[in-house]
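Heads up, the thing below is written out as structure tokens.
The values are calculated or read from the model by the stated rules, or taken from the named source; none is laboratory data. Note that the coordinates shown come from a computational prediction; the quantities given were computed from them, not determined experimentally. Reconstructed Cβ throughout: ideal geometry from the backbone, glycine too, with neighbour counts over all protein chains shown. These accessible areas exclude ligands, DNA and RNA; they are computed on the full protein's heavy atoms, side chains included. Shrake-Rupley method; radii C 1.70, N 1.55, O 1.52, S 1.80 Å.
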Amino acid sequence: MSTNASPTPASDAPAALTWSDPARQALFTAWLASQQPAHGLVPDSVRLASADASFRRYLRVDTTAGTSLVVMDAPPDKESCQPFVHVAGLMAEAGLHAPQILAWDEPHGFMLLTDLGHQTLLQTINPDAPPPLAPYLDAVETLVQWQKASREGVLPPYDRALLLRELELFPQWYIAQHRQVTLDAAQRKVLDDAFEKIIANNLSWPSVYVHRDYMPRNLMVPDTVATQFSAGPPQGKLAPLGGSAAHAVASVGAQRLGVLDFQDAVYGPITYDIASLMRDAFLSWDEEFCLDVTIRYWQKARKAGLPVGDDFGEFYKGVEWMGLQRHLKVAGIFARLTLRDGKPKYLADTPRFIAYIRATCGRYMELKPLLRLVEKIDGIEAPTGFAFGRV
């Protein structure tokens, strides 16, 4: 997850559209009127499409052709649209299904975009049912396609400084602000030592384009197949691609998942986006499913010539350690969103990240000191007896 949490798509039912700044509302009204003739817009149909943890928001507007478009409202003093425009171009070059920019008022931060649909992949998934296989395989195909287009020097590097800056959100916001814990020198050393190990492992992997928030919440399902994903089978453990499973993947893949919230993309470890996909911020699957899909990704990536290595065990360890960096970061971000930005709904998902952190730390001996520190901070009683795990 980038430092801005991803947008929360709303239903297409009209939602109240409010403006805290009347002057900005007037600018928007004038700009929308100027775009009306070229795009057949219906100004009275404007409604909220999604809310964002940052200062961006997205509006939906109907057209006289019976379709809809999306408007990005990004106040230029708070949000820059330049990264969005840049990465949207890269995604178009890679053949991904990302929003196309139809008009852009750069000075005022208004942008008219194509509409990728009304449902995210997350919205089509029943978290209480077995995991839906077909859309995850389609997400893997899309990810490999994105990574194959990678070129060095095009996106900002996901380097040591950025990795460490993100990790520091955990002690700054989760530990000190949310848990109200002041670390002593020994505890801070445990954290620093763990951070160095995590960063070293992360940077040992080759770099590709990294979306940085690649998960079902940011993948749009074509309207024509949204019901197919939520229908049920094929589900559960990954099976050989044949029969109905092959048909489902082919039929969905031909229409492609849409990709959103990519403006914070970087050039960094190839382990990142698959970790983001399978260790989601808002829903969790059992390890068997995560492992199966990650294996399938690794196989496809190797076949595509991507630098995932020849040893899946080593790659999976890299994914786990990359996921650990992300989970520590996001726990800090969610605490910050609650305590600084007044958005408490994100903190409700923090236990998911603590569970991810504990699961990964519990596998590796060199991370056990971090595990014990996290458990102490959260008031979790450490298990007694022997535990066996990979080292």
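Condition check: of a type outside the set (Gly, Ala, Ser), closer than 26 Å to Ser150 by Cβ, out of contact with any Gly (no Cβ under 9 Å at 6 or more places or on another chain) and part of a helix (DSSP H, G or I). Does Tyr297 satisfy that?
Yes.
Which residue is farthest from the chain's Cα centre (by Cα), if the candidates are limited to the stretch 28-81 and must be charged (D, E, K, R) and loosely packed, with under 14 Cβ neighbours inside 10 Å?
Checking each candidate, the answer is Asp44.
For the stretch 95-116, give me each residue that is in contact with a helix residue (DSSP H, G or I) (Cβ under 7 Å, 6 or more places away or on another chain) and in contact (Cβ under 8 Å) with a residue 60 or more places away in the chain.
Leu96, Ala98, Pro99, Leu102, Ala103, Asp105, His108, Phe110, Leu112
Which of the residues that make up the stretch 262-286 are closer than 24 Å to Phe55 by Cβ and open to solvent by less than 10 Å² (accessible area, probe 1.4 Å)?
Within the stretch 262-286, Phe262, Ala265, Val266, Ser276, Ala281 meet the criteria.
What are the residue pairs meeting all of these: first residue in the stretch 73-93, first residue more than 26 Å from Leu17 (Cβ to Cβ), second residue outside any helix (DSSP H, G or I) and open to solvent by 20 Å² or more (accessible area, probe 1.4 Å), Cβ atoms under 8 Å, and 6 or more apart or on different chains?
Once the first residue is more than 26 Å from Leu17 (Cβ to Cβ) and sits in the stretch 73-93, its partners that are outside any helix (DSSP H, G or I) and open to solvent by 20 Å² or more (accessible area, probe 1.4 Å) give Leu90/Ala149; Leu90/Val154; Ala92/Gln100; Glu93/Ala149.
Tell me the residue from Gly313, Gly342 that is part of a loop (DSSP other than H, G, I, E, B) and more than 16 Å from Ser276 (Cβ to Cβ), please.
Going through Gly313, Gly342 in turn, just one is part of a loop (DSSP other than H, G, I, E, B) and more than 16 Å from Ser276 (Cβ to Cβ): Gly342.
What is the number of the single condition among (1) within 23 Å of His211 (Cβ to Cβ); (2) open to solvent by 40 Å² or more (accessible area, probe 1.4 Å); (3) assigned to a helix (DSSP H, G or I) that Glu366 does not meet?
With respect to (1) within 23 Å of His211 (Cβ to Cβ); (2) open to solvent by 40 Å² or more (accessible area, probe 1.4 Å); (3) assigned to a helix (DSSP H, G or I), Glu366 is out only on (1).
With respect to Gly323, is the statement that it is free of Cβ contacts under 8 Å to residues at least 60 places away in the same chain, out of contact with any His (no Cβ under 7 Å at 6 or more places or on another chain) and open to solvent by 10 Å² or more (accessible area, probe 1.4 Å) true?
Spelling it out, it is not the case that Gly323 is free of Cβ contacts under 8 Å to residues at least 60 places away in the same chain, out of contact with any His (no Cβ under 7 Å at 6 or more places or on another chain) and open to solvent by 10 Å² or more (accessible area, probe 1.4 Å).
Taking the options Ala161, Ala149, name whichever one is surrounded by fewer than 18 Cβ atoms within 10 Å (Cβ to Cβ) and either more than 30 Å from Asp378 (Cα to Cα) or among the acidic types (Asp, Glu) (or both).
Among Ala161, Ala149, only Ala149 is surrounded by fewer than 18 Cβ atoms within 10 Å (Cβ to Cβ) and either more than 30 Å from Asp378 (Cα to Cα) or among the acidic types (Asp, Glu) (or both).
Would you confirm whether or not the stretch 87-96 contains a residue that is farther than 18 Å from Met278 by Cβ, among the β-branched types (Val, Ile, Thr) and either open to solvent by less than 70 Å² (accessible area, probe 1.4 Å) or part of a loop (DSSP other than H, G, I, E, B) (or both)?
Yes, the stretch 87-96 contains at least one residue that is farther than 18 Å from Met278 by Cβ, among the β-branched types (Val, Ile, Thr) and either open to solvent by less than 70 Å² (accessible area, probe 1.4 Å) or part of a loop (DSSP other than H, G, I, E, B) (or both).
Kindly provide the set of residues from the stretch 97-115 that are of a type in the set (A, V, I, L, M, F, W, C) and open to solvent by less than 40 Å² (accessible area, probe 1.4 Å), ordered by number.
Hits for the stretch 97-115 are Ala98, Ala103, Phe110, Met111, Leu112, Leu113.
Being open to solvent by less than 50 Å² (accessible area, probe 1.4 Å), part of a helix (DSSP H, G or I) and either modelled with pLDDT under 95 or aliphatic (A, V, I, L, M) (or both) is the requirement here; does Phe289 meet it?
Criteria not met by Phe289.
Please indicate, with yes or no, whether at least one residue in the stretch 124-144 is farther than 30 Å from Pro206 by Cβ, hydroxyl-bearing (Ser, Thr, Tyr) and open to solvent by less than 30 Å² (accessible area, probe 1.4 Å).
Yes, because at least one residue in the stretch 124-144 is farther than 30 Å from Pro206 by Cβ, hydroxyl-bearing (Ser, Thr, Tyr) and open to solvent by less than 30 Å² (accessible area, probe 1.4 Å).
Being surrounded by 18 or more Cβ atoms within 10 Å (Cβ to Cβ) and at pLDDT below 95 is the requirement here; does Arg340 meet it?
Answer is no for this residue.
Pick from Leu191, Leu133: which is in contact (Cβ under 8 Å) with a residue 60 or more places away in the chain, more than 25 Å from His86 (Cα to Cα) and in contact with a Gly (Cβ under 8 Å, 6 or more places away or on another chain)?
Matching residue, one of Leu191, Leu133: Leu133.
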